[in-house]
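Participant: Structure in C-alpha coordinates, see below.
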Amino acid sequence: MELRQLRYFVTVVEEANFTRAAARLHLTQPGLSAQIRQLEKEVGQPLLDRSGRSITPTATGAAVLPHARAALQAAQQISHTVDEFTGLLRGHVRIGLISGAALGEVNIAAVLTTFHRDHPQVGISLTEDTSERMLAAVVRGDLDIALIASTGAEPDPGLGMDIVFDTRINAAVAADDREFGSRTTLSDLRDRPLICLSRGTGIRGVLERACAAAGFEPRVEFEAAAPPLLVRLAAGGLGVAVVPDLTPEQAAAEGVRMVEIEPELRGRLALTWRADRPAAPAAKVLLGQLRIALAPRAATRTPS
(Lines give C-alpha, C1' and ligand atoms only; values in the text may rest on other atoms or scores of the structure.)
Protein backbone atom coordinates (compact mmCIF):
# COMPACT_ATOMS: atom_id res chain seq x y z
CA MET A 1 0.00 0.00 0.00
CA GLU A 2 1.08 3.59 -0.60
CA LEU A 3 0.98 6.62 1.67
CA ARG A 4 -1.14 8.51 -0.84
CA GLN A 5 -3.78 5.78 -0.66
CA LEU A 6 -3.85 6.13 3.12
CA ARG A 7 -4.25 9.90 2.71
CA TYR A 8 -7.13 9.34 0.29
CA PHE A 9 -8.80 6.94 2.73
CA VAL A 10 -8.47 9.37 5.66
CA THR A 11 -9.83 12.25 3.58
CA VAL A 12 -12.90 10.28 2.45
CA VAL A 13 -13.64 9.38 6.08
CA GLU A 14 -13.28 13.03 7.15
CA GLU A 15 -15.53 14.31 4.37
CA ALA A 16 -17.97 11.33 4.50
CA ASN A 17 -18.41 11.89 0.79
CA PHE A 18 -16.38 10.92 -2.29
CA THR A 19 -17.23 14.09 -4.22
CA ARG A 20 -16.10 16.45 -1.45
CA ALA A 21 -13.01 14.34 -0.76
CA ALA A 22 -12.05 14.34 -4.44
CA ALA A 23 -12.41 18.13 -4.61
CA ARG A 24 -10.28 18.56 -1.49
CA LEU A 25 -7.60 16.25 -2.94
CA HIS A 26 -7.82 17.80 -6.42
CA LEU A 27 -8.67 14.42 -7.96
CA THR A 28 -11.50 13.14 -10.10
CA GLN A 29 -14.10 11.13 -8.22
CA PRO A 30 -13.60 7.99 -10.36
CA GLY A 31 -9.85 8.19 -9.81
CA LEU A 32 -10.30 8.52 -6.06
CA SER A 33 -12.77 5.61 -5.97
CA ALA A 34 -10.32 3.45 -7.92
CA GLN A 35 -7.52 4.19 -5.47
CA ILE A 36 -9.72 3.32 -2.49
CA ARG A 37 -10.79 0.05 -4.14
CA GLN A 38 -7.14 -0.80 -4.76
CA LEU A 39 -6.34 -0.16 -1.10
CA GLU A 40 -9.25 -2.36 0.00
CA LYS A 41 -8.02 -5.09 -2.35
CA GLU A 42 -4.55 -4.94 -0.81
CA VAL A 43 -5.81 -5.17 2.78
CA GLY A 44 -8.36 -7.81 1.83
CA GLN A 45 -11.32 -6.13 3.53
CA PRO A 46 -13.77 -3.30 2.70
CA LEU A 47 -12.78 -0.16 4.57
CA LEU A 48 -15.76 2.03 3.70
CA ASP A 49 -19.50 1.48 3.93
CA ARG A 50 -21.05 2.99 0.81
CA SER A 51 -24.64 1.87 1.47
CA GLY A 52 -25.89 5.02 3.21
CA ARG A 53 -26.17 8.65 2.15
CA SER A 54 -22.87 9.35 3.91
CA ILE A 55 -19.71 7.31 3.55
CA THR A 56 -18.70 5.76 6.88
CA PRO A 57 -15.83 3.45 7.82
CA THR A 58 -16.57 -0.24 8.27
CA ALA A 59 -15.47 -1.97 11.47
CA THR A 60 -12.19 -2.80 9.71
CA GLY A 61 -11.91 0.75 8.41
CA ALA A 62 -12.47 2.21 11.88
CA ALA A 63 -9.69 -0.02 13.23
CA VAL A 64 -7.34 0.96 10.40
CA LEU A 65 -8.07 4.71 10.58
CA PRO A 66 -5.87 5.66 13.58
CA HIS A 67 -2.95 3.68 12.14
CA ALA A 68 -3.38 5.40 8.77
CA ARG A 69 -3.34 8.80 10.44
CA ALA A 70 -0.28 7.87 12.50
CA ALA A 71 1.55 6.69 9.37
CA LEU A 72 0.79 9.94 7.54
CA GLN A 73 1.90 12.05 10.49
CA ALA A 74 5.11 10.01 10.87
CA ALA A 75 5.93 10.42 7.17
CA GLN A 76 5.32 14.15 7.40
CA GLN A 77 7.52 14.43 10.47
CA ILE A 78 10.35 12.58 8.71
CA SER A 79 10.21 15.11 5.87
CA HIS A 80 10.13 18.02 8.32
CA THR A 81 13.11 16.63 10.26
CA VAL A 82 15.18 16.26 7.10
CA ASP A 83 14.34 19.80 6.01
CA GLU A 84 15.30 21.23 9.40
CA PHE A 85 18.54 19.22 9.44
CA THR A 86 19.60 20.51 6.03
CA GLY A 87 18.36 24.04 6.67
CA LEU A 88 16.25 23.88 3.50
CA LEU A 89 12.79 25.37 3.38
CA ARG A 90 10.54 23.87 0.75
CA GLY A 91 7.00 22.67 0.37
CA HIS A 92 3.84 24.73 0.40
CA VAL A 93 2.25 27.08 2.96
CA ARG A 94 -1.51 27.71 2.89
CA ILE A 95 -2.77 30.98 4.38
CA GLY A 96 -6.29 32.27 4.93
CA LEU A 97 -7.35 35.89 5.47
CA ILE A 98 -10.70 37.47 6.26
CA SER A 99 -11.92 39.75 3.48
CA GLY A 100 -10.26 43.14 3.58
CA ALA A 101 -7.52 42.14 6.03
CA ALA A 102 -4.79 42.78 3.46
CA LEU A 103 -6.00 46.37 2.98
CA GLY A 104 -5.16 47.63 6.48
CA GLU A 105 -1.98 49.09 7.87
CA VAL A 106 -0.20 45.72 7.91
CA ASN A 107 1.16 45.02 4.46
CA ILE A 108 0.53 41.29 4.17
CA ALA A 109 1.76 41.35 0.58
CA ALA A 110 5.11 42.73 1.73
CA VAL A 111 5.53 39.93 4.29
CA LEU A 112 4.75 37.29 1.68
CA THR A 113 7.01 38.96 -0.89
CA THR A 114 9.95 38.99 1.52
CA PHE A 115 9.34 35.39 2.52
CA HIS A 116 9.16 34.28 -1.14
CA ARG A 117 12.38 36.15 -1.97
CA ASP A 118 14.22 34.50 0.91
CA HIS A 119 12.70 31.03 0.32
CA PRO A 120 11.89 30.63 -3.39
CA GLN A 121 11.46 26.85 -3.04
CA VAL A 122 8.34 27.36 -0.93
CA GLY A 123 4.99 27.72 -2.64
CA ILE A 124 2.40 30.01 -1.04
CA SER A 125 -1.36 29.91 -1.52
CA LEU A 126 -3.61 32.68 -0.19
CA THR A 127 -7.37 32.57 0.17
CA GLU A 128 -10.06 34.91 1.54
CA ASP A 129 -13.09 33.46 3.28
CA THR A 130 -15.28 33.83 6.36
CA SER A 131 -13.69 33.35 9.76
CA GLU A 132 -15.90 30.35 10.50
CA ARG A 133 -14.88 28.41 7.40
CA MET A 134 -11.19 29.27 7.74
CA LEU A 135 -11.12 28.25 11.38
CA ALA A 136 -12.58 24.87 10.39
CA ALA A 137 -9.95 24.60 7.63
CA VAL A 138 -7.14 25.19 10.15
CA VAL A 139 -8.58 22.53 12.45
CA ARG A 140 -8.80 20.06 9.52
CA GLY A 141 -5.30 20.88 8.38
CA ASP A 142 -6.38 22.41 5.06
CA LEU A 143 -4.87 25.76 6.09
CA ASP A 144 -1.56 26.23 7.92
CA ILE A 145 -2.22 29.78 9.13
CA ALA A 146 -5.29 32.02 9.16
CA LEU A 147 -6.09 35.58 10.17
CA ILE A 148 -9.64 35.42 11.46
CA ALA A 149 -12.11 37.57 13.38
CA SER A 150 -13.09 35.97 16.66
CA THR A 151 -16.80 35.20 17.14
CA GLY A 152 -16.40 34.98 20.91
CA ALA A 153 -16.82 31.19 20.89
CA GLU A 154 -14.52 29.03 23.00
CA PRO A 155 -11.41 28.35 20.86
CA ASP A 156 -10.34 24.83 19.97
CA PRO A 157 -7.76 23.72 22.59
CA GLY A 158 -5.51 22.44 19.80
CA LEU A 159 -5.11 25.89 18.26
CA GLY A 160 -2.56 28.58 18.91
CA MET A 161 -3.99 32.09 18.75
CA ASP A 162 -2.56 35.63 18.91
CA ILE A 163 -5.02 38.51 19.30
CA VAL A 164 -3.51 41.13 17.00
CA PHE A 165 -6.31 43.72 16.96
CA ASP A 166 -9.10 44.66 19.39
CA THR A 167 -11.79 47.31 18.96
CA ARG A 168 -15.24 48.13 20.28
CA ILE A 169 -18.29 47.24 18.15
CA ASN A 170 -20.95 49.95 18.07
CA ALA A 171 -24.03 51.02 16.13
CA ALA A 172 -23.92 53.42 13.17
CA VAL A 173 -27.11 55.36 12.41
CA ALA A 174 -27.89 58.05 9.85
CA ALA A 175 -26.50 61.41 10.91
CA ASP A 176 -30.00 62.94 11.08
CA ASP A 177 -31.47 60.03 13.09
CA ARG A 178 -32.92 61.41 16.34
CA GLU A 179 -34.30 58.16 17.75
CA PHE A 180 -31.01 57.31 19.41
CA GLY A 181 -28.94 59.20 21.93
CA SER A 182 -25.24 58.59 22.41
CA ARG A 183 -25.87 55.16 23.93
CA THR A 184 -28.27 52.26 23.45
CA THR A 185 -28.71 48.81 24.90
CA LEU A 186 -28.63 45.58 22.98
CA SER A 187 -32.25 44.95 23.98
CA ASP A 188 -33.28 48.28 22.41
CA LEU A 189 -32.13 46.85 19.07
CA ARG A 190 -34.40 43.80 19.36
CA ASP A 191 -37.02 45.05 16.89
CA ARG A 192 -34.80 47.35 14.84
CA PRO A 193 -33.78 46.49 11.26
CA LEU A 194 -30.07 45.73 11.55
CA ILE A 195 -27.29 45.90 8.98
CA CYS A 196 -24.43 43.48 9.60
CA LEU A 197 -21.80 41.26 8.05
CA SER A 198 -22.85 37.84 6.76
CA ARG A 199 -23.02 34.66 8.84
CA GLY A 200 -19.68 33.06 9.58
CA THR A 201 -17.91 36.37 10.14
CA GLY A 202 -16.55 37.48 13.50
CA ILE A 203 -18.74 40.51 14.11
CA ARG A 204 -21.90 38.61 13.11
CA GLY A 205 -20.94 35.82 15.51
CA VAL A 206 -20.33 38.28 18.34
CA LEU A 207 -23.71 39.95 17.69
CA GLU A 208 -25.64 36.67 17.51
CA ARG A 209 -24.06 35.27 20.67
CA ALA A 210 -24.78 38.48 22.58
CA CYS A 211 -28.40 38.59 21.38
CA ALA A 212 -28.89 34.91 22.24
CA ALA A 213 -27.66 35.65 25.77
CA ALA A 214 -30.24 38.48 25.92
CA GLY A 215 -33.00 36.11 24.80
CA PHE A 216 -33.67 37.13 21.20
CA GLU A 217 -32.45 36.78 17.62
CA PRO A 218 -31.15 39.87 15.83
CA ARG A 219 -33.34 41.15 13.01
CA VAL A 220 -30.68 41.43 10.29
CA GLU A 221 -32.29 42.80 7.14
CA PHE A 222 -29.20 43.79 5.16
CA GLU A 223 -25.93 41.87 4.85
CA ALA A 224 -22.69 42.80 3.13
CA ALA A 225 -19.13 41.49 2.99
CA ALA A 226 -17.34 44.68 4.09
CA PRO A 227 -18.05 47.17 6.91
CA PRO A 228 -17.76 50.31 4.70
CA LEU A 229 -20.85 49.21 2.73
CA LEU A 230 -22.74 48.58 5.97
CA VAL A 231 -21.99 52.15 7.04
CA ARG A 232 -23.22 53.54 3.71
CA LEU A 233 -26.48 51.61 4.05
CA ALA A 234 -26.96 53.05 7.54
CA ALA A 235 -26.25 56.56 6.20
CA GLY A 236 -29.12 56.04 3.77
CA GLY A 237 -31.50 55.32 6.64
CA LEU A 238 -31.96 51.62 5.87
CA GLY A 239 -31.31 50.49 9.44
CA VAL A 240 -28.79 50.33 12.24
CA ALA A 241 -25.35 49.07 11.20
CA VAL A 242 -23.37 46.99 13.69
CA VAL A 243 -19.76 47.81 12.88
CA PRO A 244 -16.33 48.50 14.39
CA ASP A 245 -16.29 51.89 16.09
CA LEU A 246 -15.50 54.99 14.03
CA THR A 247 -14.06 58.27 15.23
CA PRO A 248 -16.44 61.26 15.11
CA GLU A 249 -14.52 62.57 12.11
CA GLN A 250 -14.77 59.26 10.24
CA ALA A 251 -18.46 58.94 11.06
CA ALA A 252 -19.24 62.49 9.90
CA ALA A 253 -17.40 61.88 6.63
CA GLU A 254 -19.59 58.81 6.03
CA GLY A 255 -22.84 60.57 6.94
CA VAL A 256 -23.48 58.57 10.13
CA ARG A 257 -23.37 58.99 13.87
CA MET A 258 -21.93 56.37 16.23
CA VAL A 259 -24.02 55.07 19.14
CA GLU A 260 -22.38 53.01 21.88
CA ILE A 261 -23.93 49.59 22.48
CA GLU A 262 -24.24 48.33 26.05
CA PRO A 263 -23.22 45.82 27.24
CA GLU A 264 -19.98 46.35 25.38
CA LEU A 265 -19.22 44.20 22.34
CA ARG A 266 -15.64 43.66 21.13
CA GLY A 267 -14.27 42.83 17.69
CA ARG A 268 -10.98 40.96 17.68
CA LEU A 269 -8.64 39.80 14.92
CA ALA A 270 -6.62 36.70 15.70
CA LEU A 271 -3.75 34.95 13.95
CA THR A 272 -4.35 31.23 14.41
CA TRP A 273 -2.58 27.95 13.68
CA ARG A 274 -2.45 24.33 14.85
CA ALA A 275 -0.38 24.19 18.04
CA ASP A 276 -1.00 20.55 18.93
CA ARG A 277 1.08 19.06 16.12
CA PRO A 278 4.48 19.86 14.56
CA ALA A 279 4.31 22.47 11.82
CA ALA A 280 6.28 22.22 8.60
CA PRO A 281 9.48 24.29 8.79
CA ALA A 282 8.26 26.67 6.07
CA ALA A 283 4.95 27.29 7.86
CA LYS A 284 6.81 27.75 11.14
CA VAL A 285 9.10 30.43 9.67
CA LEU A 286 6.29 32.31 7.92
CA LEU A 287 4.15 32.19 11.06
CA GLY A 288 6.99 33.80 13.00
CA GLN A 289 7.29 36.59 10.46
CA LEU A 290 3.54 37.20 10.47
CA ARG A 291 3.43 37.32 14.27
CA ILE A 292 6.04 40.06 14.19
CA ALA A 293 4.30 42.00 11.39
CA LEU A 294 0.88 41.66 13.05
CA ALA A 295 2.00 42.57 16.55
CA PRO A 296 -0.81 44.51 18.31
CA ARG A 297 -0.85 48.21 17.54
CA ALA A 298 -3.24 51.14 17.24
CA ALA A 299 -6.72 50.14 16.12
CA THR A 300 -6.93 51.01 12.44
CA ARG A 301 -7.83 47.68 10.86
CA THR A 302 -11.37 46.40 10.55
CA PRO A 303 -12.31 42.95 11.84
CA SER A 304 -14.91 41.06 9.87
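The values are calculated or read from the model by the stated rules, or taken from the named source; none is laboratory data. Model, not experiment: these values are computed from the prediction. Using ideal geometry, Cβ is built from the backbone for each residue, glycine included, and neighbour counts are taken over all protein chains shown. In case anyone asks, the SASA skips ligands and DNA or RNA and just uses the protein heavy atoms, side chains included. Shrake-Rupley method; radii C 1.70, N 1.55, O 1.52, S 1.80 Å.
Participant: Scan the range 1-26 residue by residue and report those that are basic (K, R) and over 22 Å from K41 (Cβ atoms).
Facilitator: Of everything in the range 1-26, those that are basic (K, R) and over 22 Å from K41 (Cβ atoms) turn out to be R20, R24.
Participant: A follow-up question, please. Tally up the residues in the range 27-59 that are farther than 24 Å from Q73 by Cβ and either surrounded by fewer than 18 Cβ atoms within 10 Å (Cβ to Cβ) or at pLDDT 95 or above (or both), please.
Facilitator: Looking only at that region, the number is 15.
Participant: Moving to a separate point now. When you look at A149, is it surrounded by 17 or more Cβ atoms within 10 Å (Cβ to Cβ), on the phi < 0 side of the Ramachandran plot, in contact with a strand residue (DSSP E or B) (Cβ under 7 Å, 6 or more places away or on another chain) and at pLDDT 95 or above, yes or no?
Facilitator: Considered against the rule, which asks whether it is surrounded by 17 or more Cβ atoms within 10 Å (Cβ to Cβ), on the phi < 0 side of the Ramachandran plot, in contact with a strand residue (DSSP E or B) (Cβ under 7 Å, 6 or more places away or on another chain) and at pLDDT 95 or above, A149 comes out as no.
Participant: Report every pair of residues separated by at least 6 positions or lying on different chains whose Cβ atoms are under 9 Å apart, first residue within the range 120-139 and within 18 Å of E14 (Cβ to Cβ), second hydroxyl-bearing (S, T, Y) and not in a helix (DSSP H, G or I).
Facilitator: E132/T151; E132/T201; M134/T127; M134/T272; L135/T151; L135/T272; A137/T127; V138/T272
Participant: Only one of these is in contact with a helix residue (DSSP H, G or I) (Cβ under 6 Å, 6 or more places away or on another chain) and in a helix (DSSP H, G or I): V138, V111. Name it.
Facilitator: So the residue among V138, V111 that is in contact with a helix residue (DSSP H, G or I) (Cβ under 6 Å, 6 or more places away or on another chain) and in a helix (DSSP H, G or I) is V111.
Participant: Another one. Only one of E105, E84, E2 is open to solvent by 70 Å² or more (accessible area, probe 1.4 Å), at pLDDT below 90 and in contact with a Ser or Thr (Cβ under 7 Å, 6 or more places away or on another chain); which?
Facilitator: Exactly one residue qualifies, and that residue is E105.
Participant: Also, quick follow-up: Of (1) in contact with a strand residue (DSSP E or B) (Cβ under 7 Å, 6 or more places away or on another chain); (2) farther than 19 Å from G200 by Cα; (3) open to solvent by less than 40 Å² (accessible area, probe 1.4 Å), I124 satisfies all except one. Which?
Facilitator: If we test I124 against (1) in contact with a strand residue (DSSP E or B) (Cβ under 7 Å, 6 or more places away or on another chain); (2) farther than 19 Å from G200 by Cα; (3) open to solvent by less than 40 Å² (accessible area, probe 1.4 Å), just (3) comes out false.
Participant: Test R168 against the stated conditions and say whether it is surrounded by fewer than 16 Cβ atoms within 10 Å (Cβ to Cβ), touching a residue at least 40 places away in the same chain (Cβ under 8 Å) and assigned to a helix (DSSP H, G or I).
Facilitator: For R168, the condition - surrounded by fewer than 16 Cβ atoms within 10 Å (Cβ to Cβ), touching a residue at least 40 places away in the same chain (Cβ under 8 Å) and assigned to a helix (DSSP H, G or I) - is not met.
Participant: Which residue, of A241, A295, is open to solvent by less than 20 Å² (accessible area, probe 1.4 Å), under 19 Å from R168 (Cα atoms) and either in contact (Cβ under 8 Å) with a residue 40 or more places away in the chain or over 19 Å from the mean Cα position of the chain (by Cα) (or both)?
Facilitator: Step by step, each of A241, A295 is checked, and only A241 is open to solvent by less than 20 Å² (accessible area, probe 1.4 Å), under 19 Å from R168 (Cα atoms) and either in contact (Cβ under 8 Å) with a residue 40 or more places away in the chain or over 19 Å from the mean Cα position of the chain (by Cα) (or both).
Participant: What are the residues in the range 15-26 that are within 16 Å of L39 (Cβ to Cβ) and either surrounded by fewer than 15 Cβ atoms within 10 Å (Cβ to Cβ) or over 21 Å from the mean Cα position of the chain (by Cα) (or both), if any?
Facilitator: Residues satisfying the conditions are F18, A22.
Participant: Quick one: E262 ticks every box in (1) modelled with pLDDT of 90 or more; (2) surrounded by fewer than 20 Cβ atoms within 10 Å (Cβ to Cβ); (3) within 26 Å of the chain's Cα centre (by Cα) except a single one, so which number is it?
Facilitator: (3)
Participant: Residue under question is R209, and the condition is that it be in contact with a Gly (Cβ under 8 Å, 6 or more places away or on another chain), open to solvent by 60 Å² or more (accessible area, probe 1.4 Å) and under 30 Å from L143 (Cα atoms); does it hold?
Facilitator: yes
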